[in-house]
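Quick notes on the structure that follows.
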Amino acid sequence: MILVFLGPPGAGKGTQAKKLAEEKGFVHISTGDLLREAVQKGTPLGRKAKEYMDRGELVPDELIIALIEEVFPQHGKVIFDGFPRTVAQAKALDEMLQKRGLKVEYVFLFDVPDEVVIERLSGRRIDPKTGKVYHIKYNPPPPGVEVIQREDDKPEVIKKRLEVYRKQTAPLIEYYERKNILKKLDATKPIDEVYKEILEVIGNGN
Ligand code: AP5
């Protein structure tokens, strides 16, 4: 089963994808995580991507599509989290899947208003050792765990990311609605309730 998680920054896509990977055996492909890893390692991709990410802009489609080609799993259940983010990326994904005789089964749209995005992103903290994601209010890190804030979770960059989402990524809602595979989630609900809603649609995800 191939799933796509679509929605504004901070909607909870990564949180749900990690839970499904742990509990249901999905391969979790987050372009954001892969890019941050490339930046940290200082690879050619990382050096090119960093300036876009710091500004809250999208990394060019050709770099992202090449990255996905590289990590595309040979088999298994897959969640694409934060990819595709433009119509060009969505078309490239359709082609890659078609070549393999596969298709996207469901696209979950994580629906949340801007105020919630701002509250979630400004309170988000990461454990750099494990990559675990916390929130100072909704999912606080255990005592003793040292956490950091993501560079792009600063207020000016959050605003830019929301603008970019509306302009470049939101058109995908119609793209997937037309294919009849879009499932809207009320992502303002607590983490476990959103998770339950996803399971109701996918069953065991096999
Ligand atoms: P990326 O890392 O993909 O960022 P994003 O889409 O902005 O998404 P986030 O990771 O910020 O949020 P999320 O929805 O995963 O929320 P989370 O679960 O962490 O991309 C970063 C950058 O990389 C982009 O700006 C771009 O430059 C580049 N990039 C990446 N992919 C690209 C692509 N395909 N094309 C071009 N460029 C690309 O949750 C947020 C917080 O809320 C956490 O603290 C969490 O604990 C909390 N939380 C989660 N769910 C709930 C809940 N239900 N209730 C209360 N709190 C919750």
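Readers should treat all values here as calculations from the given coordinates under stated rules, not as data from a laboratory. Bear in mind that the values here come from a model prediction, so they are computed numbers and not experimental data. Here the Cβ is made from the backbone with ideal geometry for all residues, glycine too, and neighbour counts use every protein chain on show.
Here are the numbers for the structure shown:
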quantity: The lone exception for Val104 - which of (1) more than 13 Å from the chain's Cα centre (by Cα); (2) farther than 23 Å from Glu200 by Cα; (3) hydrophobic (A, V, I, L, M, F, W, C) it fails; calculated: (2)
quantity: Any hit, the range 135-144, residues being surrounded by 13 or more Cβ atoms within 10 Å (Cβ to Cβ), in contact with a Lys or Arg (Cβ under 7 Å, 6 or more places away or on another chain) and either part of a loop (DSSP other than H, G, I, E, B) or of a type in the set (Gly, Ala, Ser) (or both); calculated: yes
quantity: Residues within the range 1-44 that are near the ligand (Cβ under 6 Å from one of its atoms), within 20 Å of Asn139 (Cα to Cα) and either assigned to a helix (DSSP H, G or I) or out of contact with any Asp or Glu (no Cβ under 9 Å at 6 or more places or on another chain) (or both), tallied; calculated: 4
quantity: Asp81, sole failed condition from (1) charged (D, E, K, R); (2) crowded, with 17+ Cβ neighbours inside 10 Å; (3) free of Cβ contacts under 8 Å to residues at least 60 places away in the same chain; calculated: (3)
quantity: Search result, residues across the range 45-58 that are farther than 15 Å from Pro84 by Cα, near the ligand (Cβ under 9 Å from one of its atoms), in contact (Cβ under 8 Å) with a residue 12 or more places away in the chain and of a type outside the set (A, V, I, L, M, F, W, C); calculated: Asp54, Arg55, Gly56
quantity: Pairs with Cβ under 6 Å, 6+ apart, first in the range 149-171 and loosely packed, with under 15 Cβ neighbours inside 10 Å, second in a helix (DSSP H, G or I) and of a type outside the set (Asp, Glu); calculated: Pro171/Val87
quantity: Selection count, the range 176-196, where residues are touching a residue at least 60 places away in the same chain (Cβ under 8 Å), in a helix (DSSP H, G or I) and closer than 12 Å to Leu109 by Cα; calculated: 2
quantity: The range 60-74 residues that are touching a residue at least 12 places away in the same chain (Cβ under 8 Å) and within 9 Å of the ligand (Cβ to nearest atom), paired with ones that are among the hydroxyl-bearing types (Ser, Thr, Tyr) and assigned to a loop (DSSP other than H, G, I, E, B) (beta carbon under 7 Å, 6 or more apart); calculated: Asp61/Thr86
quantity: Only one of Glu151, Glu177 that is within 15 Å of the ligand (Cβ to nearest atom) and among the acidic types (Asp, Glu); calculated: Glu151
quantity: Answer residue from the range 94-119, given it is part of a loop (DSSP other than H, G, I, E, B) and not hydrophobic (A, V, I, L, M, F, W, C) and is surrounded by the most Cβ atoms within 10 Å (Cβ to Cβ) among those; calculated: Glu105
quantity: Condition check for Arg178: under 18 Å from the mean Cα position of the chain (by Cα) and of a type in the set (D, E, K, R); calculated: no
quantity: Members of the range 120-134 found to be basic (Lys, Arg) and surrounded by fewer than 15 Cβ atoms within 10 Å (Cβ to Cβ), listed by number; calculated: Lys129
quantity: Failed condition for Gly7, given (1) over 18 Å from Val157 (Cβ atoms); (2) touching a residue at least 40 places away in the same chain (Cβ under 8 Å); (3) small (Gly, Ala, Ser); calculated: (1)
